[in-house]
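Let me begin by presenting the structure, written as structure tokens, before commenting on it.
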Amino acid sequence: MDNELDRWWPDLGTVAAELRRAGAPAAADSLVEAVRAGATSSEILGAVGKVLREHRALRARLGDSAARAWDAVMADVEKAFPGAKPLQWLGPKAKG
């Protein structure tokens, strides 16, 4: 599935691959599952955003290009849900 992510959403594929290299395969698996479970683009974007928010502490363990890819994915999520950003991002403590 990571190869499919690379073709379909390269930035997300980069994040998933780097999370695996950084020793966080569960977070990468959660991203893959978020894509698989979504029936619509809104569901996928919402679920991916939720996973990244829950694991936001992991961003610091990524290389520069993967951190930029993370930011690009989050920009896609924010673009899809602009009004929700201020409230949704104040979720539970980040997992790491």
**OP:** Take the Cα pairs of segment 26-69, get the Kirkwood Rh, then feed it into Stokes-Einstein at 20 °C and 1.002 mPa s and tell me D in µm²/s.
**Re:** 197 µm²/s
Original post:
Over segment 2-88, how many percent of alpha carbon pairs lie in each 10 Å bin up to the one with the longest distance?
Top reply: 19, 57, 23, 1
Original post:
If you find the alpha carbon centre of segment 3-28 and of segment 57-78, how far apart are they in angstrom?
Top reply: 11 Å
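All of the numbers you see were taken from the coordinates with simple rules; none came from a lab. Keep in mind that what you see is a predicted model, and the values were worked out from it rather than measured.
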